[in-house]
1. Looking at segment 239-318, what % of the alpha carbon pairs are farther apart than 21 Å?
2. Counting only residues 5 or more places away or on other chains, whose amide H sits under 5 Å from the amide H of residue 123 once H atoms are built in the peptide plane?
3. What do the square roots of 5 times the Cα gyration tensor eigenvalues come to for the chain, in whole Å, largest first, as semi-axes of the equivalent ellipsoid?
4. With unit charges on the beta carbon (Lys/Arg positive, Asp/Glu negative), name the residue among 449, 422, 466 whose Cα is farthest towards the positive pole of the charge dipole of segment 408-522.
5. Quick check on the exposure proxy: order 367, 226 from fewest to most C-beta atoms within 10 angstrom.
6. So for the chain, taking the charge dipole from beta-carbon charges (+1 Lys/Arg, -1 Asp/Glu), which of 248, 496, 284 sits furthest toward the positive end?
7. With only alpha-carbon pairs counted, each pair once and no self-pairs, how large is the Kirkwood hydrodynamic radius of segment 74-117 in angstroms?
8. Residue separation times 0.36 nm, minus the C-alpha to C-alpha distance between residue 458 and residue 198: what's the value?
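Where a number appears in this text, it was derived from the coordinates with a stated rule and is not lab data. Here the structure is a predicted model, which means the values were calculated and not measured. Cβ coordinates were reconstructed from backbone atoms using ideal geometry, including for glycine residues, and neighbour counts include every protein chain displayed.
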Amino acid sequence: MKLPAVLLFLLASCAFAADRPNVVIILCDDLGYGDVKANNPACKIVTPHMDRLAREGVRFTDAHTPSSVCSPTRYGLLTGRYNWRSKLQSGVLGGLSPRLIEQGRETIASMLKKQGYHTAAIGKWHLGMDWVKLPGKTVSELSVESPEQVHNVDYAKPITNGPTAVGFDTYYGISASLDMVPYTYIQNDRVAVLPSVDKTWALHPGYDPMCRLGPAAPDFEVENVLPTFARKASEYIAARAKTGQPFFLYLPLNAPHTPIAPTKEWIGKSGLNLYADFVMETDWAVGEVLAALDRSGVADNTLVVFTSDNGCSPSAKIEVLAEKGHAVSGPLRGHKADVFDGGHRVPFFVRWPAKVKPAVSDQLVCLTDVFATCAEIVGTRLPDTAGEDSFTFLGNLTGRGKSARNSIVHHTIAGAFAIRQGPWKLALCPGSGGWSAPRDPDARKQGLPETQLYRIADGDIAEERNVQAENTTEVARLTQLLEKLVADGRSTPGAPQANAVPVVLRKTPATAATKKAAKKKAE
């Protein structure tokens, strides 16, 4: 007798749930698609441990972050929901910004915790936490704090609504990027050492100016942060492996983001520049985690997801690396912050030796999809109010099916949108929507059209030929699809969900008249 498809799904889910693998997510910071040898044969940086994950697991070649910058991507990864559905419509948070993840919203951590997992976050948070503000003082909510605000909180008071409020049993790390205050570690809901002095470091020694001056623990030094996270992660794995309880480790590294600060033993190792040295040390940190899994005897039944939060930053000195034969984005156009694929197509390797055979997949994947994949692995269904933009790719891992994702929405630092479906990619901006040339204002000065259309999967992976003028029907179709995905409040099947804030799909350049009107209204 042929079993119904629903019953087959439930039986398969129960079988996987019985295995209850540990889950480790390693999220690099500003690592480019082409910075890993497995993705880029011409890569000049040595990355043996990243390459090992790619070789021993499934290497996805068409995986993307939901945003081309930091905080939005982290929101999407942990919630399975596109960041632009939240109140963060552009830019990133600061180190003192309040919590972004909405009260009551399910995360990967809270979901796995309900399934009996011990959950830990070690590393860079950058999703806001509620500091106690000094009387009469304020901090920026949806942007990096100003120099005048860095001393506006009481660092001695407990922090609320941080990682431990969204599903993590324990947390050890830094509140935001390593170039944002405070420069001290946070353990659960308190700073580990009071930031009693002011410090700063060069963003990229020899090239860039200093990062933000602000409160720091007296013994805090940026070059020690990556080794500290690697050590803490290894210790956590060793300790939890002894308990027999499945664990979830979310490990958002600080590297190779600015300040670009490898330890002395790694300086000069790449023969390229300090950024490449830092990538090599980041690869070493990945190796420390893999070694901890091996030593603890849990590697076989541990799902390891390795990826990056966006493309490489120009602070890496992309042009210097290019002169030496290294392309940080490989064959892709653009870099961090951009609408082009170099801004959001990232390394994405998934290893689970007990269940997953090595393979290469061209399946379209978004980091939001990790949530639904973990849910299917442990045999739980997500409610309509969770993971609205998360499609499981477990079938792609096991060879038993394919992800249902057939489109993806891209988003830039400036809030510019793009949508990809099949070979087509439609961008609703005239330039990069970010930092690479031409930026949108310059593109408008050049008279470039406000819409871009590329056939990504049909040979134009470098996004060199804008074919919107001769494909107006496709432009209209993709625009309507994007409008529907926004209006529905979700891209997965299920009941429509109301967006938390109005979403503006197309940024209209402000004219002198609109600027004058806005100024008058503000007055």
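1. Working: 1261 of 3160 pairs.
That fraction is 40 percent.
2. 172, 173, 174
3. For the chain, the ellipsoid semi-axes come out as 31, 30, 25 Å.
4. The one lying farthest along the dipole's positive direction is 449.
5. On the way: 367 28, 226 25.
Listing 367, 226 from fewest to most nearby Cβ atoms yields 226, 367.
6. 496
7. After inverting the mean inverse Cα-Cα distance, the result is 11.6 Å.
8. Length difference between fully extended and current span is 88.4 nm.
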